[in-house]
Amino acid sequence: MAVFNKFNSFVEALAEGTHNLGSNTLKVMLTNSAPLSTNTIKANLTEITSGNGYTSGGHVLTVTSSSQVLGVYKLIVNNIVITASGGSIGPFRYAVVYNDTAASDELIGYFDYGSSLTLASGESFTIDFDATNGLISLT
């Protein structure tokens, strides 16, 4: 499973109230360009071309739980399944999570899958968000 890497600006944006992780519209988009920890907004990245089952802007994340227990906050979201249909999707290497509600589409973090992937028509790819520890866990 790919490891989640946060963008540096996420910490400040969270502290200053840009993100309400439980109610804002969060999305995950695909890119084949390496994100930098210093990137701050979606426009800093080059998204893959839409079509064949991939929509420009990415997929909306469905929050199943946004809560804290004993001082540990966890944001749990459903997995995303992307299926190529009528042609290929990609190549992509990174799945980037961002806040679509925030004015500038502020970045949260990304997963690096280690190498570029291309889905042929009929193939699926699952972005597996940890259902136990959550997309984000804050202590």
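The values are calculated or read from the model by the stated rules, or taken from the named source; none is laboratory data. Note that the structure is predicted; figures quoted are calculated from it, not measured. With ideal geometry, Cβ positions are generated from the backbone for all residues, glycine too; neighbour counts draw on all protein chains shown. Please note that ligands, DNA and RNA were not included when accessible areas were found on the heavy atoms of the full protein model with its side chains. Shrake-Rupley method; radii C 1.70, N 1.55, O 1.52, S 1.80 Å.
Roughly how many nanometres apart are two label points built 7 Å out from the Cα toward the Cβ at V72 and T46?
Reported label-point gap for V72 and T46 is 4.0 nm.
For the residue pair V11 and S137, what label-to-label distance in nm results when each label sits 7 Å from Cα along the Cα-to-beta-carbon direction?
It works out to 1.9 nm between the two label points.
With the crude spin-label approximation of a point 7 Å out along Cα→Cβ, what separation in nm comes out for V81 versus A120?
2.0
Probe radius 1.4 Å, ligands and nucleic acids ignored: give me the carbon and sulfur share of the accessible area of the chain as a rounded percent. Don't skip to the end; give the middle numbers.
Working: 3220 of 6800 Å².
Percent of accessible area from carbon and sulfur atoms in the chain: 47.
Can you pull the semi-axes for the chain, root of five times each eigenvalue of the Cα gyration tensor, sorted largest first, whole Å?
Values: eigenvalues 126, 55, 34 Å².
Taking √(5λ) for each Cα gyration eigenvalue gives 25, 17, 13 Å.
Gap in Å between the Cα centre of the stretch 111-139 and the Cα centre of the stretch 36-91?
9
Please list E16, E123 from largest to smallest accessible area, probe radius 1.4 Å, with all protein chains kept in place.
E16, E123
Tell me, what is the per residue accessible area of the chain in Å², probe radius 1.4 Å?
Per residue, the chain has an accessible area of 49 Å².
Counting Lys and Arg as +1 and Asp and Glu as -1, each charge on the Cβ, what is the dipole of the chain about the Cα centre in debye, to the nearest 20?
Dipole size: approximately 80 debye.
Sort F92, F4, F125 by heavy-atom solvent-accessible area, probe 1.4 angstrom, most to least.
Largest accessible area first, the list is F4, F125, F92.
Report, ordered by chain and residue number, the aspartates and glutamates lying within cross-link reach of K74, taken as a straight Cα distance under 13 Å and ignoring same-chain residues fewer than 8 apart.
D130
Suppose a student asked you for the relative contact order of the chain, using Cα pairs under 8 Å spaced at least 6 residues apart; what percent would you report?
After rounding, I find 32 percent.
What's the FRET efficiency of V3 with S65 using the Cβ-Cβ distance as r and R₀ = 30 Å, to the nearest 0.05?
Efficiency for this residue pair is about 0.90.
Could you work out the helix-only [θ] at 222 nm for the chain, with each DSSP H run of four or more residues adding -39,500 (n - 2.57) and the total divided by the number of residues, to the nearest 500 deg cm²/dmol? Provide the component values of the computation, followed by the final result.
Values: 1 runs with 8 residues, N = 139.
Rounded to the nearest 500, it is -1500 deg cm²/dmol.
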